[in-house]
Amino acid sequence: MGVPSDDAVLIQKGNKQGEPHVITVNCPDKHGLGCDICHIILDFGLYITKGDVSTDGIWCYMVFWVVPHSSSPVVRWPSLKNRLQSLCPSCSVTFYLNDQPPNSPATPVYLLKFFCLDRKGLLHDVTQVLCELELTIQKVKVTTTPDGRVLDLFFITDNMELLHTEERQHHLCKQLDAVLGDSCISCKLRLAGPEYDCHHGISSLSPAVAEELFCFVLSDKETRSQALSSDMTKLKKANVVADNSLSPAHTLLQIHCVDHKSLFYDILRTLKDCNIKIAFGRFSPNSKGYRDLDLFIQQQDGKKFVDPEKQNGLCSRLKVEMLHPLRVIIANRGPDTELLVANPVELSGKGRPRVFYDVTLALKALGICIFSAEIGRYSSSDREWEVYRFLLDENCVFQLSSTLARNQIVDRVRRMLMGW
């Protein structure tokens, strides 16, 4: 009925140092598979240099050329193959009879709780250990005490599904001990209880902050903390055209947009959430900082996009998701200064990979300590968002009350998130 499951995903190393690895996926198709693959590729800290996608609705063939991003020092290629393999639907007859896979048990959530002396970059160093061990951070609650100690609560899931074993737990503790050293006072790991649900949401946002964080369009006259620096105004430029003249059965989407590390994921998650089928897609290499993409698509009912209103709606939605996939602002929270980052959650419930990793790395590079941090979900504009909140320590080289300093921090964080 198809290829053996072990051959559904192949990863070919580049011939020379610096050349892309080639990831090939050849398996039965399912809705949103391309998006899910790009999600994992992004989660492993990889950047897609180009790609080809084709499917007849039953079987799909995808090829991605990838290189490690500069912020990702370690890539575990065998683990990447296993993760991608787990996405591929079964090649058995039951796949063709049932589009929906059987319900799988929920992945257990663990609480990693440690108490230690604080220092600059501590939060990112711990986050890097978790990412390298393929542990996904679901929620975080970080609190710094007045005497310079920090209490961190990490709610994590294990992509390898081995955290219940003593060997896996011992390896995690050993890696954390190498990072925390003598500063660690206590470190405990256990299955999360009711406290996980208590930390699912976030503290309330003021109407002004919520409006600024979740707004879809930035005015050219913006002076607030989301305003783009002069060399980033190109972010606002993208061209999306729908053409029905080249295929009798499909609408061709032609996209020209500034490149960033999650561009393919942002496009494919948008089409997945809109229930749009992709028959063929070609992602061209970066050319002077821009990408060209050709996508032959259909609506859920198998028809082309003929209605001009639907065409315009889709093109506008894609522009927003490509140009402004993450929201970054700095606001006052009482007497304190707070950095907020938000990204839309997929309809499947998946959040965006490596946001916490990138933000903490940017703040570490800036020499800014994090007084407290939390991750939660927030509903606004009929969408669910993942919101990251960081109270910044005033003891740093930046005058946090200064608009210039705030713009510099936002600019650096955004660049890290976009991969520049």
Quiz prompt | MET232 vs. criteria in contact with a helix residue (DSSP H, G or I) (Cβ under 9 Å, 6 or more places away or on another chain) and either at pLDDT 95 or above or open to solvent by 70 Å² or more (accessible area, probe 1.4 Å) (or both) | solution = no
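Yes or no, residue by residue, for (1) modelled with pLDDT of 95 or more; (2) surrounded by fewer than 22 Cβ atoms within 10 Å (Cβ to Cβ); (3) more than 16 Å from LEU417 (Cβ to Cβ):
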| position | (1), (2), (3) |
| --- | --- |
| GLN254 | yes, yes, yes |
| ILE267 | yes, no, yes |
| ILE278 | yes, no, yes |
| GLY281 | yes, no, yes |
| ASP301 | no, yes, yes |
| LYS319 | no, yes, yes |
| ASN332 | no, yes, yes |
| ASP336 | no, yes, yes |
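Of these, LEU271, LEU314, which one is more than 19 Å from HIS39 (Cβ to Cβ) and out of contact with any helix residue (DSSP H, G or I) (no Cβ under 7 Å at 6 or more places or on another chain)? Give the derivation first.
Details: LEU271 fails: more than 19 Å from HIS39 (Cβ to Cβ).
That would be LEU314, the only listed residue that is more than 19 Å from HIS39 (Cβ to Cβ) and out of contact with any helix residue (DSSP H, G or I) (no Cβ under 7 Å at 6 or more places or on another chain).
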Exercise. Determine if the stretch 116-129 includes at least one residue that is free of Cβ contacts under 8 Å to residues at least 60 places away in the same chain and among the polar types (S, T, N, Q).
Key: no
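Would it be correct to say that SER348 is polar (S, T, N, Q), in contact (Cβ under 8 Å) with a residue 60 or more places away in the chain and under 24 Å from PHE64 (Cα atoms)? Before the answer, list the steps.
Details: polar (S, T, N, Q): yes; in contact (Cβ under 8 Å) with a residue 60 or more places away in the chain: yes; under 24 Å from PHE64 (Cα atoms): yes.
Yes.
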Quiz item: Within the stretch 380-400, restricting attention to residues that are among the hydroxyl-bearing types (Ser, Thr, Tyr) and modelled with pLDDT under 90, which residue is surrounded by the fewest Cβ atoms within 10 Å (Cβ to Cβ)?
Solution: SER381
Self-check item: Conditions (1) more than 21 Å from the chain's Cα centre (by Cα); (2) surrounded by 13 or more Cβ atoms within 10 Å (Cβ to Cβ); (3) modelled with pLDDT of 95 or more; (4) not hydroxyl-bearing (Ser, Thr, Tyr); number of the one not met by LYS120
Solution: (3)
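The values are calculated or read from the model by the stated rules, or taken from the named source; none is laboratory data. What you see is a predicted model, and the numbers here were worked out from it, not measured in a lab. With ideal geometry, Cβ positions are generated from the backbone for all residues, glycine too; neighbour counts draw on all protein chains shown. Side chains included, ligands, DNA and RNA excluded: accessible areas come from the protein's heavy atoms. Shrake-Rupley method; radii C 1.70, N 1.55, O 1.52, S 1.80 Å.
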